[in-house]
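A short worksheet on the structure shown next.
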Amino acid sequence: MALKLHGSAMSTSTSLVIICLHEKEVDFELVPVDLFAGEQKQPHFLAKNPFGQVPVLEDGDLTLFESRAISAYIAEKFKETGYDLLRHQNLQEAALVKVWMEVESQQFHPAIAPIVYQFYVVPLKGVSPDQAIIDDNLEKLGKVLDIYEARLSSTKYLAGDFYSLADLHHLPYTCYLMKTTAASVINERPHVKAWWEDISCRPVSKKAAEGMTFGEKCTLKIKALLL
Amino acid sequence: MAAPVKVYGPTLSTAVSRVLACLIEKDVDFQLIPINMSKGEHKKPDFIKMQPFGQVPAFQDESISLFESRAICRYICDKYADKGNKELYGTNPLAKASIDQWLEAEGQSFNPPSGALVFQLAFAPRMKIPQDEGLIKQNQEKLGKVLDVYERRLGESRFLAGDEFSLADLSHLPNTQYLVAGTDRGELFTSRKNVGRWWSEISSRESWKKVVQMQKSG
């Protein structure tokens, strides 16, 4: 029975899992969740994820939420197929993948998420982005990326000289950031920029980026809803 | 015989105590090397080599050098799977997936507001930093909503990920300990029947009592 992924291709967290599934060459069905209609807060969805967020994975009797837990589950279950995202045959490499996955989760994500939120979500409510919040978080993100710059000048990717789940986890939010003026925070750091160009040019990454259209086609639909 | 693993950091740090609790649950010998943060030891070059973000803990197991407490805990559970509490990170993929799910919920939803409250209510006064009432109120509300989800979950399940104590529950111990034992906001937890029951169970574990003892004598 194929896996079912409940979510939206334009959502960063859903996209993260989609990219992982494609890299592992695993078949799945994307079951759309209408975020703009608030479907994720409806009782039938809360029964799957009580936090009311996408995505949710269904694999037989298993129901799983939290995109990073889902991607780790997929990368582990299908470790023998597709690209080796976890380096499971080398204890040291596997440990470093885990470290840099937590760095994304605890250092990178808290700084980049509010910036993307200001650029993409806030305008949908008819409000201008808060420049103070953007500037404050760009400063934080800049400090994190200074450390990435140093790291990536000694290794090609974050966990070592191999692409891994740790790099993959950075794709969705950075994809959205790169379409804004805040892209300079990546472009100003040569090793970070080269790393970004590499990981975003993987065929699977490019394919997922095509679905990341938040703020584009849906703007008209949102305006219609707001009127 | 393998040398004990090394943990660098003060016992009072929530992230350090997370790793210590895991090591004790797994019955893994360790050496704690104190880092004096008020003297800036965590920003010195020798420490930055181990932890480029200048935060505690740092961890070494023979030639492997790691950081980020949750990554360290997962590594300990995987490498020492047959030691101590074998159920801590699940003994099959489905159990492990559920534990990872709630460990992520801790990291993404529980930690930000509870961590902010720990800083504002427990650390800021000690560091003579003025408290931010607005931030306290905001994070209390956020934490309350997360604990409402936990209240429902813990009415259906003894522990977060299932019937067994796991790394997911363990990860909540450090921040909650401060809030319940070190501030006047403990009722966020104790006023919720199932959350209160769960807190009482997990904080009574021998491993956590040992960590609290280390914090008191450290």
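What are the ³J(HN,Hα) couplings of the range B:160-173, residue after residue, when phi is run through the Karplus curve with 6.51, -1.76, 1.60 and θ = phi - 60°? Round to Hz, x for glycine and proline.
4, 8, x, 7, 10, 4, 9, 4, 5, 5, 3, 4, 7, 4
Could you give P(r) for the protein assembly as shown, binned at 20 Å from zero, as whole percent values over all Cα-Cα pairs?
Each 20 Å bin holds this share of Cα pairs: 24, 61, 15, 0.
Quick one: net charge of A:Val185's neighbours, Cβ under 12 Å, K/R +1, D/E -1?
Summing Lys/Arg as +1 and Asp/Glu as -1 gives -1.
Counting Lys and Arg as +1 and Asp and Glu as -1, what is the net charge of the other residues whose Cβ lies under 12 Å from the Cβ of B:Val118?
The answer is +2.
Out of the total accessible area of the range B:5-80 (probe 1.4 Å, heavy atoms of protein only), what percent is carbon and sulfur?
Carbon plus sulfur share of accessible area: 51 percent.
Find how many whole Å separate the alpha carbon centroid of the range A:125-148 from the alpha carbon centroid of the range A:158-216.
Spelled out, the Cα-based centre of one part sits 17 Å from the other.
Per the 1.4 Å probe, what fraction of the accessible area of the range B:93-217, in percent, lies on carbon and sulfur atoms?
51
Please report how far the C-alpha centroid of the range B:195-217 lies from that of the range B:112-190, rounded to the nearest whole angstrom.
14
Which whole-Hz couplings ³J(HN,Hα) result when phi for each residue of the range B:106-116 is put into the Karplus expression 6.51 cos²θ - 1.76 cosθ + 1.60, θ = phi - 60°, listed in order with x for Gly and Pro?
Those phi angles translate into 4, x, 8, 10, 7, 5, x, x, 5, x, 5 Hz.
With the cut-off at 1.5 for a/c, could you classify chain A from its C-alpha gyration tensor as rounded, prolate or oblate?
Cα axes put chain A in the oblate bin.
Provide the per-residue ³J(HN,Hα) series for the range B:14-21, in order, calculated from phi with Karplus coefficients 6.51, -1.76, 1.60 and θ = phi - 60°, each as a whole number of Hz, with x at glycine and proline positions.
Ordered by residue, 3J(HN,Hα) equals 4, 5, 5, 5, 4, 5, 4, 4 Hz.
Total accessible area buried between chains A and B, 1.4 Å probe, in Å² to the nearest 100?
2500
Please calculate how many Å² of accessible area the protein assembly as shown carries per residue, with a 1.4 Å probe and no DNA, RNA or ligand atoms counted.
45
Quick one: check the C-alpha center-to-center distance for the range B:32-52 versus the range A:1-78, whole angstrom.
Cα centroid to Cα centroid, the span is 39 Å.
Net charge near A:Leu3, counting Lys/Arg +1 and Asp/Glu -1 over other residues with Cβ under 9 Å of its Cβ?
Combined, the nearby Lys, Arg, Asp and Glu give -3.
The values are calculated or read from the model by the stated rules, or taken from the named source; none is laboratory data. Not measured: the values here are computed from a predicted model. Positions of Cβ are backbone-derived with ideal geometry, glycine not excepted, and every protein chain shown enters the neighbour counts. The protein model used for the area step is the full one, side chains on, heavy atoms only, and it has no ligands, DNA or RNA in it. Shrake-Rupley method; radii C 1.70, N 1.55, O 1.52, S 1.80 Å.
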